[in-house]
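Just below is one structure, and these are the notes that go with it.
The values are calculated or read from the model by the stated rules, or taken from the named source; none is laboratory data. Worth saying up front: this structure is predicted, and the values here are computed from it rather than measured. As a convention, Cβ positions derive from the backbone with ideal geometry for all residues, glycine included, and neighbour counts pool all protein chains shown. Please note that ligands, DNA and RNA were not included when accessible areas were found on the heavy atoms of the full protein model with its side chains. Shrake-Rupley method; radii C 1.70, N 1.55, O 1.52, S 1.80 Å.
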Amino acid sequence: KNLCFFVAGTWVTASAHIITAVIGSGVLSLSWAIAQLGWIAGPMALVIFSIITWFTSTLLADCCRDPVSGKRCSCYMDAVKSNLGGISNKFCGLAQYVNLVGITIGYSITSAISMAAIERSGCFHKEGHNVGCHVKNNKFMIIFGIIEIILSQIPNFHELSWLSAVAAVMSFGYSTIGLGLSIAKAVGGNQARTSLTGTTVGVDVTSWQKTWNCFEAIGDIAFAFAFSTVLVEIQASPPGFNGKTSIHVIGMELQDTLKPNPPENESMKKATLVGVSVTTVFYVSCGALGYAAFGNNAPGNFLTGFGFYEPYWLIDMANVFIIVHLIGAYQVFCQPIFKQVEDRCFNRWPNSSFIKESPPIKLPLFGVYSFSVFRVVWRTGYVILTIVLAMLLPFFNAILGLLGAASFWPLTVYFPIQMHISREQIRAFSWKWIWLNFLVLLCLIVSVLAAAGSIATIVKDLSTYEPFNSVS
């Protein structure tokens, strides 16, 4: 999710941007999350997170202009700096860049799982459903890493306009296939065991596992709804606006966004309501139907659970969609990291030939390419680092839960509410000030519990996991 989209800038197109930006790999874990929480708490958690996300996004929509000059903020960090000051801006930047690094690691894990699922489904189709067909994920992570090393050398990769169309098709493609397969499996007989409270202690899990899995599930749901880092980018626009719109994640230069008339904050509030509502219906459907299909044994990635069933070609297609989507998404999320590090190096060592020299090279079919040894070394090193970390921590649900916990509170809740309090000059200890800060505190507790559940699962898995030996 969180790629670039180019269409006319209205609340309708902004709604489409939000839907496409939110619906992504997070949908894969929702059936597992509902399996941990049950038929009551699971859908309720999805609705509650959607309401909080919608509410704080409406507050954020009012904070996209500098309160003094009235100038539009080009990105989330600029909005925080304009409304809360430099220290908050640095904290926001830290939260965002840590989140970006974590997402690139998570996408490496997810892509490898989908590649392995394709090999497994082919094995089951050929050898039968009783064969184990277990494959190691490491070779697929290496393949994914090689692809990303090559793509990371493309200057301004995130500005390729076709990336938006690919992102939309891929994310809706694999989500819709998973939804259809879940319906077919749920109504096809051999109904899976479900319950109002989810997994059963003493049958499916221990009491320890039940507690931490529930917390981890909350983190997975939080990850699925995170889109605050692109909301300001959808709404803001620079000088020279020409009526088109694009989304770029933090750290990237914008092209054009929402039209200034009607007021962009009103358009964004309407777009947020529509976008979050549609996404919530889609998420509840995918999560609930996935739980109905697999029951308390729902897999962490619900598409990999269909590896035992036909039509195997459709399952393979869904996993190919995931792989293609995440190959591009990885680049979009790491581009701000590349830009930040490279800009700092250029400023710190302006006379270094290693850093500054980029002689042009003519490549067949590609034209002139600006070759930089520094860019090749640094970007290759970053990709290798994320792949190695993914091999060391190949825990799909736990990593998603940890990412959701780490990003939800600061980026979705804390900064929008604090900017609103500052902008509206809400008096300390007034009724509105109290309940807004109570929401901040409540979400902080939820995020801490979600992080604790994910960390506990990682620690437990590490006790039996052999490094660089992940198997699907």
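Quick notes
- Accessible area per residue in Å² at 1.4 Å probe, computed on segment 352-422: 44 Å²
- Where trypsin sites (Lys or Arg not before Pro) fall in DSSP loop in segment 338-436, at most 15 other Cβ within 10 Å: Arg427
- Amide H contacts for Arg65 (H built 1.01 Å from N in the peptide plane; partners 5 or more residues away or on another chain; cut-off under 5 Å): Cys73.
- Sorted on the mean count of surrounding Cβ atoms within 10 Å across their residues, most packed first, peptides 53-64, 210-221 read 210-221, 53-64.
- Residue-wise HN-Hα couplings along segment 414-431, as the Karplus relation 6.51 cos²θ - 1.76 cosθ + 1.60 with θ = phi - 60° gives them from phi, are 4, 5, x, 5, 5, 5, 5, 4, 5, 5, 8, 6, 6, 5, 4, 6, 6, 4 Hz; Gly and Pro carry x.
- In order through segment 29-42: 3J(HN,Hα) via Karplus (6.51 cos²θ - 1.76 cosθ + 1.60), integer Hz, x for Gly, Pro: 9, 6, 5, 5, 4, 5, 4, 6, 9, x, 5, 8, 5, x
- Set of lysines with alpha-carbon distance to Lys71 below 26 Å, sequence-local pairs under 8 removed: Lys81, Lys90, Lys244, Lys259, Lys269, Lys270, Lys339
- Residue-wise HN-Hα coupling along segment 391-397, computed from phi with Karplus coefficients 6.51, -1.76, 1.60 (Hz; x: Gly, Pro): 5, 6, 10, x, 10, 4, 5
- At most 16 other Cβ within 10 Å, DSSP loop - chymotrypsin sites (Phe, Trp or Tyr not before Pro), segment 409-461: Phe429
- Seen from Ala33, the other residues with C-beta closer than 11 Å to its C-beta sum to a net charge of -2, counting Lys and Arg as +1 and Asp and Glu as -1.
- Backbone amide hydrogens, once placed in the peptide plane, bring Ser470 within less than 5 Å of Asn137, Asn138, excluding anything fewer than 5 places away on its chain.
- Taken along the Cα-to-beta-carbon direction at a fixed 7 Å, the label points for Val368 and Lys90 span 4.1 nm.
- The amide H of Ser195, built 1.01 Å from its N in the peptide plane, has Trp39 as neighbours under 5 Å, considering only residues 5 or more places off or on other chains.
- Estimated distance in nm for a label pair at Leu196 and Arg423, the labels positioned 7 Å out from Cα along Cα-to-Cβ: 4.3 nm
- Rolling a 1.4 Å probe across all protein chains gives Val131 an accessible area of roughly 60 Å².
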